[in-house]
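One structure below.
The values are calculated or read from the model by the stated rules, or taken from the named source; none is laboratory data. All of these numbers come straight from a predicted model, not from anything done at the bench. Cβ placement follows ideal geometry from the backbone for every residue including glycine, while neighbour counts extend to all protein chains displayed.
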Amino acid sequence: MSLLEIKNLHVEVAGRQILNGLTLTVEKGQVAAIMGPNGSGKSTLAYVLSGKPGYEVTAGEVLFNGVNVLEMEADERAAKGLFLAFQYPMEIPGVPTFTFLRTALNAQRKARGESELSTPEFMKRVRDAAAKLHIDQDMLRRAVNVGFSGGEKKRNEILQMAILEPKLAVLDETDSGLDIDALKLVADGVNRLRSPERAMVVITHYQRLLNYIVPDVVHVLSKGRVVKSGGKELALELEARGYAEFTGKDEAA
């Protein structure tokens, strides 16, 4: 059984069809890159998987470990092991990052019927993870993402992923707004979390991220469906040729 199976998924946003029969499979341990032109449905796919409101599924199903996640609330999906790293991480004024992480982890543990971590246990876990991601202790005391640079926000997202240990991590344009040094740090954090039991869906418009997070498979989206799949070399072909063959448009126009 595949970890994630998306079958004939149709999604509308504000009455407009965005996903149009999308079918996709992701296996345990796999890093799958999702590429495509603007408006192809990449971020819509991420939001539908995470349960963001406002996205109406009109047909199809999404099976996560054999269970239809479309019937679950967003917090239920998270407790089952589904994680979304946002393109533009939210700021949460007044809530220290340390407190946010502990609350999120213990809420998920409680939902799974597990005991909450004690403060010493949690402190050790978060400090070990933060050190590997080059996140200093001061950042953990600051309000979530408030006053953070673009690179700090993305590293904070990867820290959340390290603490929550999801089965499936969806990274929505993680490279957006990052300079090359920040990109390398974030990619290093993602690569540390690769595991035979964890799959990752890496959504990106450009090939450069995939120089650092090397995918096992690349899927191309256009007009709301997968139009081509291949190995990591497909990303290089897209970088060289663009998406014109899939959109029917001259990319230079």
Among residues of the stretch 33-56 being assigned to a helix (DSSP H, G or I) and among the aliphatic types (A, V, I, L, M), the residue farthest from G81 (Cα to Cα) is L45
The residue that is farthest from A187 (Cα to Cα), considering only those in the stretch 149-161 that are part of a helix (DSSP H, G or I) and among the small types (G, A, S), is G150
Go through the stretch 128-148 and give me each residue that's more than 19 Å from V95 (Cβ to Cβ) and either within 19 Å of the chain's Cα centre (by Cα) or in a loop (DSSP other than H, G, I, E, B) (or both).
L133, H134
Hey, which of the strands (runs of 3 or more DSSP E) in the stretch 185-253, taking only ones fully inside, have at least 1 residues that are of a type in the set (K, R), farther than 17 Å from F83 by Cα and in contact (Cβ under 8 Å) with a residue 24 or more places away in the chain?
225-230
Under 6 Å between Cβ atoms, at least 6 apart or on separate chains: pull out the pairs that start in the stretch 1-29 with a residue that is within 20 Å of V67 (Cβ to Cβ) and end on any residue that is among the aromatic types (F, W, Y) and in a strand (DSSP E or B).
L4/F64
If you go through the stretch 195-213 one residue at a time, do you hit one that is crowded, with 16+ Cβ neighbours inside 10 Å, under 23 Å from N106 (Cβ atoms) and not β-branched (V, I, T)?
yes
Suppose we keep only residues that are assigned to a loop (DSSP other than H, G, I, E, B) and under 17 Å from S50 (Cβ atoms) within the stretch 166-175. Which one would you say is modelled with the lowest pLDDT?
T174
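Here's the yes/no breakdown for (1) within 19 Å of F148 (Cβ to Cβ); (2) surrounded by 15 or more Cβ atoms within 10 Å (Cβ to Cβ); (3) in contact with a Leu (Cβ under 7 Å, 6 or more places away or on another chain); (4) of a type in the set (D, E, K, R):
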| residue | (1), (2), (3), (4) |
| --- | --- |
| N65 | no, yes, yes, no |
| N68 | no, no, no, no |
| E91 | yes, no, no, yes |
| K124 | no, no, no, yes |
| R127 | yes, no, no, yes |
| A130 | yes, yes, yes, no |
Does V214 satisfy being in contact with a Lys or Arg (Cβ under 7 Å, 6 or more places away or on another chain), within 21 Å of A187 (Cβ to Cβ) and modelled with pLDDT under 95?
yes
